[in-house]
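The values are calculated or read from the model by the stated rules, or taken from the named source; none is laboratory data. Here the structure is a predicted model, which is why all the values come from computation and not from measurement. Positions of Cβ are backbone-derived with ideal geometry, glycine not excepted, and every protein chain shown enters the neighbour counts. SASA here: full protein model, heavy atoms, side chains in, ligands and nucleic acids out. Shrake-Rupley method; radii C 1.70, N 1.55, O 1.52, S 1.80 Å.
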Amino acid sequence: MSTRAPAEARFAGPRQALVRFWRWEASGILVALVVLVAALSLATDNFLSTYNMSVVARQAAFVGLVALGQTLVLLVGGIDLSVGAAAGLSAIVGSIALTQWGIHPWLIIPFTMGFGFLLGSVNGVFVAGLRLNPFIVTLATWEIFAGLTLVITKGYSIRPLGPGFTWFGQGEVFGMPLPVVIFLAISALLVWMLSQTRFGRNIFAVGGNRDAALLAGIRVRRIEFLAFGLAGTLSALAGILFASRMDAGQPSVGEGWLMGAITAAILGGTSLRGGQGSIVGTVLGALLLAVLANGTVLMNVSGFWQRVIVGCVVLVAVLVDLLRRRD
């Protein structure tokens, strides 16, 4: 009696699991993250320390929140270049509401998120409502939001914000930084939304084929509008949490977050053409960028090289995605 069939059956399961893992959008970034963490653990003594892990997690949380919103916009086939500036302007408005308007510290975060939704809605009106190019629209609003931030602050920080509010950025829950807890909670909520709700499925449908979505009766413009609104909301949340962390509303909040947000989403497998991507992948992408930044500091590598390294990682991720599509 031949043993070939049982042997093939025995290895079929692991082989199929490997094939499914390879086809997963975020497989490449997960492997890269594991390898990078292992390498830095061997190369430096302090990388796996509790304090350093807390620093990495906080850094990933702020950019990661912006990247989550960017992922939603990319999934519908758009792009939002204004997310960093929206985070900065929202942080300033939230700080003013706290220090000058007398709004209770516990209401500042929802207030700022609402303001961020309004900023995102501006993009949504022009892109979804008037059918203008999202690249041009958000490039313009990026300049508008950044300019308004400087007009309001005249380049000065708004401080102090007070201990009643700084807890949101500096506090911990069960030993985990609160911004990280918020980031993970929102990530889990978005995973559920995209996989279990009609709105989430419609996001993929619109990004995959807008014309087919229209024929299927999906309210495409509403989906696109809400995607930009949510991107503004999450950017505002990141901005006000960072202000809470620094105990100051700084005009520089959000600078550099745009590239990080787009990179995290792309590294996580989100397609620039829309209709493909995952929230889990974006979370892993944000973690990889934070680990890269932290690793360069620990190994005394010039900060200028960090941009070169990130660019190379993006190219590798794109090549891996191309190979996966060909399979």
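Here are the numbers for the structure shown:
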item	result
Candidates Ser27, Ser90, Ser302: whichever shows maximal mean-square fluctuation once the chain is modelled as a Gaussian network with Cα springs under 10 Å	Ser302
Pairwise Cα inverse-distance average, inverted: Kirkwood Rh of segment 143-261 (Å)	16.8
Ordering of 257-265, 269-277 by burial proxy (mean other Cβ atoms within 10 Å per residue, highest first)	257-265, 269-277
Sequence ranges 246-252, 202-208, ranked by mean other-Cβ count within 10 angstrom, highest first	202-208, 246-252
Selected from Leu130, Leu287, Leu184 as most flexible by GNM, with the chain as the system and alpha-carbon contacts under 10 Å	Leu130
Two-decimal log10 I(q)/I(0) for segment 203-256, as the Debye equation yields it once each C-alpha is a single scatterer, q = 0.23, 0.29 Å⁻¹	-0.80, -1.05
Segments 43-55, 115-127 sorted - mean Cβ within 10 Å per residue, highest first	115-127, 43-55
Accessible-area composition of the chain, carbon plus sulfur, in percent [1.4 Å probe]	68
MRE, 222 nm, helices only [DSSP H, n ≥ 4, -39500 (n - 2.57), over the chain, to nearest 500]	-25500 deg cm²/dmol
Virtual spin-label span in nm between Ser49 and Trp101, 7 Å along Cα→Cβ	4.1
Per residue solvent-accessible surface (Å²) - segment 234-305, probe of 1.4 Å	34
Stretchable slack from Val31 to Leu215, in nm (0.36 nm times residue separation minus alpha-carbon distance)	62.3 nm
Segment 103-210: radius of gyration over Cα atoms, expressed as a fraction of 2.2 N^0.38 Å	1.38
Potential extension, Glu143-Ile309 segment - 0.36 nm per residue separation minus Cα distance	57.0 nm
